[in-house]
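Data block below; observations after.
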Amino acid sequence: MARLVFVALVAIAVAASGLLGYLIVEVFRGGENGAVIGQAQVGGPFELVDGEGRTVTDEEFRGEYMLVYFGYTYCPDVCPTELQNMSRALELLGEEAEAVRPVFITVDPERDTPEVIESYVENFHPRMVGLTGSPEQIEKAAKSYRVYYKKAESGSASEYLMDHTSIVYLMGREGEFLRHFGYGTSPEDMAQGIRSYL
Ligand code: NI
């Protein structure tokens, strides 16, 4: 008897964790169902500063798809890799990519001044927009995209690393969340994922 109860409990536990796993996957999956759930949660209005020191809001990108990535220019490897992947994905899309605006938003506004970010994004894609802002502006934008970031404990005042979420977001022409690409998504997969929305 005890054995039967145990088996039943295990079955319930497995079913419950399966359901939980399914729900988590649905929220983070992107794509059809994920988009419906994610739409209200990811992205939204922002006010930031571009590489020329102009104030820029999300409204400026209406009518374009946005491929958004948060990071910082001093990042030793993760950010450059992701930005290269984004750039390569757009190359693979050819002319279709003209509808897509790659956007890099810094999580390190202290060091990433408009000048710094402007010269950085030029290394990756001719149409990439680099955005910075006040710490408050950055905090608000990151929060709406559910991006976590924090200055690493070690390091000095000028030389430090930032811990940060590494996710590429695809936003639609009205600024709505379409899907995300997890860290390490290949340019080929990213291009294919973007193309399905164009
Ligand atoms: Ni980084």
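Restricted to Cα atoms, segment 66-152 shows a radius of gyration and a Dmax of 12.7, 40 angstrom. Note: segment 47-195, Cα convex hull, 100 Å³ per residue.
Taking every alpha-carbon pair under 8 Å whose residues sit at least 6 apart, segment 48-106 reaches a relative contact order of 45 percent.
Quick one: pull the percent of accessible area on segment 47-195 belonging to carbon and sulfur, 1.4 Å probe, ligands and nucleic acids left out. Answer for segment 47-195: carbon and sulfur cover 47 percent of the accessible area. Across q = 0.11, 0.25 Å⁻¹, segment 116-198 modelled as identical point scatterers on its alpha-carbon atoms has Debye log10 I(q)/I(0) values of -0.41, -1.45, in the order of the q list. Of the GluC sites (Glu not before Pro) found in segment 148-198, the ones in coil according to DSSP and having at most 13 other Cβ atoms within 10 Å of their Cβ are Glu153, Glu159, Glu174.
The values are calculated or read from the model by the stated rules, or taken from the named source; none is laboratory data. Treat the numbers as computed from the prediction; the structure is a model and nothing was measured. FYI the Cβ positions are ideal-geometry reconstructions off the backbone, even for glycines, and counts take in every protein chain you see. Surface accessibility is based on the protein's heavy atoms, side chains included, excluding ligands, DNA and RNA. Shrake-Rupley method; radii C 1.70, N 1.55, O 1.52, S 1.80 Å.
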